[in-house]
1. Could you give the DSSP H helices of the chain that reach 24 angstrom or more along their long axis (alpha carbon positions) and whose average Kyte-Doolittle hydropathy is no lower than 1.6?
2. Does the range 154-231 come out rounded, prolate or oblate by the C-alpha gyration tensor, with a ≥ b ≥ c the root eigenvalues, rounded set by a/c under 1.5 and, if not, prolate when a/b is larger than b/c and oblate if not?
3. Between the range 156-227 and the range 1-75, what's the alpha-carbon centroid distance in Å?
4. Cross-link candidates for K185: which lysines have Cα within less than 30 Å, leaving aside residues fewer than 8 places away along the same chain?
5. For the range 11-105, take every pair of Cα atoms, bin their distances at 5 Å starting from 0, and report each bin as a whole percent.
6. Could you identify which residue out of A77, A16, A197 has the top mean-square fluctuation in a GNM of the chain using Cα springs shorter than 10 Å?
7. Could you tell me whether the chain comes out rounded, prolate or oblate from its Cα gyration tensor? Rule is a ≥ b ≥ c as square roots of the eigenvalues, rounded for a/c under 1.5, then prolate if a/b exceeds b/c, otherwise oblate.
8. Looking at the range 7-112, which GluC sites (Glu not before Pro) are in a loop (DSSP not H, G, I, E or B) and have at most 16 other Cβ atoms within 10 Å?
Amino acid sequence: MEILLCKDYEQLSRTAAEFVQREIEQNPRCVLGLATGSTPLGLYRELAALHRQGLDFSSVTTFNLDEYLGLGPDHPASYCRYMQENLFQHINVPPENIHIPDGQAENPDQECWDYERRMAAAGGIDLQILGIGHNGHIGFNEPGTPFGQTTHVVDLDERTIEANARFFGHDLSQVPRRAISMGIKSIMRARKIVLLASGSGKADAVAAAAEGPVTPDLPASVLQLHPQAAVLVDAEAGSKISRENPELRRS
Ligand code: GLP
């Protein structure tokens with residue numbers, strides 16, 4: 001696992017955008033896996049800027065990691081709305097190429113199967129972008145999630161509900177308790193993975209993911225087993241990684 005230490009959030013976002021740009025330039029028909037949360041916002045701003053300079057997304061396909069169950073696409077805190085506002089409105093991915101789990105699916109388990117089928121039919125994910133939760137979760141794969149799981153319905157961890165309450169007017173009662181998330185197995189099938197982490201609040205999770213034991217108790221640690229995973233951190237998120245780590249590079 002390559003660890004790229006960036007000096008700040010801006011550099012982290014630019015470096016992440018370069019990964020995506022390279023992927024699209026090598027393969028204009030590539031399939032991107034996308035994440036939500038506050039961390040990728042800078043990346044999405046950079047991609048919008050690259051699009052204004054000519055980067056073409058017209059043959060790109062995207063699959064998002066997760067969505068809350070019970071929220072429609074227009075709900076201000078839904079990941080569908082987040083993606084529209086922060087990325088899709090600003091670039092030219094055709095709407096029919098955009099895939100996000102349906103938070104209002106009548107049969108969520110069926111939706112999970114369909115989502116896996118759609119990913120497979122698209123040829124699998126070429127480049128998956130990830131954030132990381134304070135407890136080491138990726139997507140909504142909370143500690144304890146078996147590595148073998150594909151897209152599934154998740155009961156959210158209390159700490160995740162608390163962390164995400166800020167998107168629901170800090171009202172815990174408004175945060176959905178369940179979500180649909182790609183599983184660890186779905187994520188690990190991606191040909192390349194780039195995990196982004198910013199800020200001191202992520203430093204422990206990042207160090208454990210990069211240097212601790214590979215265990216379902218810290219879901220992001222599974223990336224140590226991936227042949228082409230890169231972890232991009234700013235100075236604060238990378239502050240607890242050993243400076244002797246042979247995988248550490250300065251971006
Ligand atoms: C949510 C998302 C994750 C994201 C995590 C961290 O729970 N489901 O995909 O990585 O939050 O979010 P942030 O980047 O806001 O810290």
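1. none
2. Values: a/c = 2.24, a/b = 1.64, b/c = 1.36.
Prolate, because a/c is 1.5 or more and a/b exceeds b/c.
3. When both Cα centres are located, 17 Å separates them.
4. K202, K240
5. 3, 14, 24, 27, 18, 9, 5, 1
6. Largest GNM mean-square fluctuation: A77.
7. Details: a/c = 1.37, a/b = 1.09, b/c = 1.25.
Verdict is rounded for the chain.
8. Hits after loop and neighbour filter: E106.
Quick note: the coordinates plus some simple rules give every number you see, no bench work behind them. All values reported here derive from a predicted model rather than from experimental measurement. Using ideal geometry, Cβ is built from the backbone for each residue, glycine included, and neighbour counts are taken over all protein chains shown.
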